[in-house]
Amino acid sequence: MAMSGGRVNFAAGLLPVVLLTTHGARSGVERTVPLVYFTDGEDVILIASSFGRPRYPAWYHNIKANPDITLEARGRRARFHAREVNGEDRARLYELAKQLYRGYGDYEQRTAGIRHVPVLRLAQV
């Protein structure tokens, strides 16, 4: 990621990536994963799509257990507090996510009737 300026090459092109560090929901062990993100005002938005797989991503379970996390992007680290968004805010943010990467629309179809695709809003603390 350092060589690409914090972006990753998906089929749709270069997408912004953040390193999310959580603590394991059961183990408490620190876990770091790269994720596509976008911003809404000052907040960072993450989509727990897991590429449309039937199970939620492990990092989502970790955030639900402990919403205080660390993000690193473009060489900067900061602490954030995460919360899942619902209703109109979730719908609006998911539409923005699909504009960033249309694969999110496919993921939503793949998970229909199996699970919802969570949208998380992270505010810096």
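State whether the range 2-124 is rounded, prolate or oblate according to the following rule on the C-alpha gyration tensor (a ≥ b ≥ c being the square roots of its eigenvalues): a/c under 1.5 gives rounded; otherwise a/b larger than b/c gives prolate, and the remaining case gives oblate.
The shape class here is rounded.
Filter the chymotrypsin sites (Phe, Trp or Tyr not before Pro) in the range 10-79 down to the DSSP loop ones having no more than 13 other Cβ atoms within 10 Å, then list what survives.
none
Return the distance in nm (one decimal) between the two label points of a simple spin-label model at THR32 and ARG102, each offset 7 Å from Cα along Cα→Cβ.
My value for the distance between the label points is 3.5 nm.
Let's see if you can work this out: charge +1 on each Lys and Arg Cβ, -1 on each Asp and Glu Cβ, no other charges. What is the dipole magnitude of the range 45-102 about its Cα centre, in debye to the nearest 20?
So the dipole magnitude of the range 45-102 works out to roughly 220 debye.
Assign unit charges at the C-beta atoms only (+1 for Lys and Arg, -1 for Asp and Glu), then state the dipole size of the chain relative to its Cα centre in Debye, rounded to the nearest 20.
Taking the Cα centre of the chain as origin, the dipole is about 340 debye.
Stokes-Einstein diffusion coefficient for the range 80-125 at 25 °C in a medium of 0.890 mPa s, Rh from the Kirkwood formula over Cα pairs: what value in µm²/s?
D = 215 µm²/s.
Where does the chain land at 222 nm, in deg cm²/dmol rounded to the nearest 500, when only DSSP H runs of n ≥ 4 count, each adding -39500 (n - 2.57), divided by all residues?
-7500 deg cm²/dmol
FYI, it's all coordinate maths here, none of it is from the lab. Small disclaimer: the values here were computed from a predicted structure and weren't measured. Ideal geometry is used to build each Cβ from the backbone, glycine not excepted, and the neighbour counts take in all protein chains shown.
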